[in-house]
Amino acid sequence: MTHDVIVVGSGVTGASTAFQLAERRAGDVLVLDQGAAGSGMSSRSSALIRMHYTFPPEVQLAVRSDGIFSRWPEVVGAGGVVKRTGFARIVMPGEESNLRENVKMQQSLGADTRIVTGEELAEIAPGLLVDDVAEAAYEPNGGFGDGAVVAGDFMAAARRRGVRFRPGTPIRALLTEGDRVVGVETDDGPEHAGTVVLATGVWSRPLLRDIGFHAPIECELHHVAILRNGPAGGAPLACIDSVTATYFRPEGSGETTLVGSFEGGRPAAPADADAPVDQDALAELAEAASRRLPALEEAGVARGVRGVYDMTPDARPMIGRLPGLEGLVVAVGFSGMGFKISPAVGEAVADLVVGDGPSWIDMHPFRPNRFAEGDLVVPPFPYADD
Ligand SMILES: Cc1cc2nc3c(=O)[nH]c(=O)nc-3n(C[C@H](O)[C@H](O)[C@H](O)COP(=O)(O)OP(=O)(O)OC[C@H]3O[C@@H](n4cnc5c(N)ncnc54)[C@H](O)[C@@H]3O)c2cc1C
């Protein structure tokens, strides 16, 4: 059967794209997923929401997405999805001038963020040890969401607008004719489409390799610990801290704290997410974060999450068409940042499907072929661990 658009993958990226295609009346849209909506890495996401990035187009995507999250009930017809706990970014000592430049750039792009001193941060976020913090960036509206819920809400809203969804349907290959992708192969036979959107996250590489595109995406395994707060409490806000190389945030209704790490394991494979969690890794996370938040010394490990990032060489996503190939738009390689930008990414990808792309952002820096061209993203004021 022939469709106008087939979206492969219903994580936050594919589901958001499907919703935006329906909003643009892109015709007959079919979404296929080997699992269920949000069942891939989106359901394992720590789902922090922040505007603090070093590359201006990333900030544009985050700010625009945050606007959509703020209007969630009216956009998708479901309850609110973001908990606005506040967010702090602590960089390495010596990187404060870059921090100030980045905050200025983020403010110019509409982000609600400001520089605070260590003492001010300690007042905003009681419990944080700030002896080594001269300045930090603070976003009063930062916080976190839920990847599975966002993917599910986008898919439900897309379906109400006429999009068809077939969960439990792995695609085995992209079908090509000459220099055109014309559809996908499923176990029930081929499905044809004018455009295929590939939003298959960590599973993308072999599908692209089979049509001759070698995507430099590497899987990277990450552990996340959910800690049961002790008597001294838990995280007072969401925080990314270069000094301890951890991030943390409140979890649940405040009785637990989520802790993740900057460091991941390579090589890894998508299936590594399904292996049992490594209890030592969880204990190490708790210990590292307790150097910033001593209350966590008394926290017990409640459970752990394993997830895999789809890392590109510049840790930015690959969004757009492949050179010399019609009929395919890819949105993959989100490198551990895909949740918070997914609402705006869906808009941008849908605009690339129905026309020349969005008017509010230049998506050229994210083009998939930039690695082959040697034109990687280089932020003007980077951090050592950016
Ligand atoms: C542990 C962890 C913590 C994270 N923390 C944050 C964070 O704090 N903030 C943030 O912004 N981002 C974070 N991320 C990143 C973010 O969660 C991801 O970038 C985002 O969820 C990716 O969404 P996706 O839709 O691209 O991929 P996925 O959610 O993985 O969706 C891909 C979908 O494609 C389907 N699929 C794959 N192959 C096929 C096939 N052949 N046929 C049919 N279907 C297929 C899968 O079943 C899946 O549903 C984190 C990620 C992890 C793992």
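Read-outs: derived from the displayed coordinates by stated rules, not from any lab. Predicted model only: the values in this text are computed from it and were never measured. With ideal geometry, Cβ positions are generated from the backbone for all residues, glycine too; neighbour counts draw on all protein chains shown.
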About the Cα centre of segment 227-296, what is the dipole size in debye to 20, counting +1 per Lys and Arg Cβ and -1 per Asp and Glu Cβ, all else neutral? 300 debye
Of all chymotrypsin sites (Phe, Trp or Tyr not before Pro) in segment 187-293, which ones are in loop regions per DSSP and have a Cβ with at most 16 other Cβ atoms within 10 Å? PHE262
Taking neighbour Cβ counts within 10 Å as the exposure measure, how do MET363, MET41 sort from fewest upward? MET363, MET41
Nearest-20 debye value, segment 308-379 charge dipole, Cβ charges on Lys, Arg, Asp, Glu: 180 debye
Using Cα centres only, tell me the gap between segment 188-252 and segment 67-98 in whole Å. 17 Å
Please report Rg (one decimal) and Dmax (integer) in Å for the Cα set of segment 1-49. 12.0, 40
Distant-in-sequence amide H partners of HIS3 (H built 1.01 Å from N, under 5 Å): HIS192, ALA193, GLY194
Run the quick spin-label model on SER70 and ASP112: label points 7 Å from Cα toward the beta carbon, then report their separation in nm to one decimal. 0.6 nm
Among beta bridges assigned by DSSP with both residues in the chain, the antiparallel ones amount in percent, to the nearest 5, to 70 percent
Within segment 237-257, which residues have the backbone N less than 15 Å from the label spot 7 Å out from GLU123 along Cα→beta-carbon, could you tell me? none
Report, to one decimal in Å, the Kirkwood hydrodynamic radius for segment 153-223 based on all distinct Cα pairs. 14.1 Å
Gyration tensor on Cα atoms of segment 113-209, a ≥ b ≥ c root eigenvalues, a/c under 1.5 rounded, else prolate if a/b beats b/c, else oblate, says prolate
DSSP beta bridges in segment 1-137, what fraction antiparallel, as a percent rounded to 5? 50 percent
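Compute the normalised compactness of segment 81-135: alpha-carbon radius of gyration over 2.2 N^0.38 Å, N being the residue count. Numbers along the way, then the final one.
Numbers: Rg = 12.1 Å, N = 55, 2.2 N^0.38 = 10.1 Å.
Relative to the 2.2 N^0.38 Å estimate, segment 81-135 comes out at 1.20.
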Among the complete DSSP H segments of the chain, which ones combine at least 15 Å of alpha-carbon extent along their axis with a mean Kyte-Doolittle hydropathy of 0.5 or more? 12-23, 147-160, 338-354
For the chain, modelled as a GNM with alpha-carbon contacts under 10 angstrom, which of GLY94, GLY300, GLY320 fluctuates the most? GLY94
Test of understanding: in a Gaussian network model of the chain with alpha carbons linked when under 10 Å, which of VAL224, VAL349, VAL133 would top the mean-square fluctuation ranking? VAL133
If you bin every alpha carbon distance in segment 1-148 into 10 Å steps from zero, what whole percent lands in each bin? 10, 31, 30, 18, 8, 2, 0
Given charges of +1 on the Cβ of Lys and Arg and -1 on the Cβ of Asp and Glu, with all other atoms neutral, how large is the dipole of the chain about its Cα centre, in debye to the nearest 20? 1020 debye
Please report LYS340, LYS104 as a ranked list, fewest other C-beta atoms within 10 angstrom at the top and most at the bottom. LYS104, LYS340
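Can you pull the Rg over Rh of the chain, Cα-only, Kirkwood? Write out the running numbers ahead of the final one.
Details: Rg = 20.5 Å, Rh = 21.2 Å.
Reported Rg/Rh, Kirkwood definition of Rh: 0.97.
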The exposure ranking of VAL330, VAL353, fewest beta-carbon neighbours within 10 Å first, is VAL353, VAL330
Cα lying deepest toward the dipole's positive end in the chain, options GLY94, PRO167, THR256, charges on Cβ: PRO167
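Per DSSP helix of 4 or more residues, -39500 (n - 2.57); summed, then divided by the residues of the chain. What does that give at 222 nm, rounded to the nearest 500? Let's see the in-between values first.
Numbers: 9 runs with 101 residues, N = 386.
It lands at -8000 deg cm²/dmol.
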Ranking ILE361, MET41, ALA78 by how far each Cα lies towards the positive end of the charge dipole of the chain (+1 on Lys and Arg Cβ, -1 on Asp and Glu Cβ), the top one is ALA78
Out of GLY178, ALA148, THR200, whose Cα points farthest toward the positive end of the dipole of segment 147-257 (charges: +1 Lys, Arg; -1 Asp, Glu; placed on Cβ)? ALA148
Is segment 260-317 rounded, prolate or oblate when judged by the Cα gyration tensor, a ≥ b ≥ c being the square roots of its eigenvalues, rounded requiring a/c under 1.5 and prolate requiring a/b larger than b/c? oblate
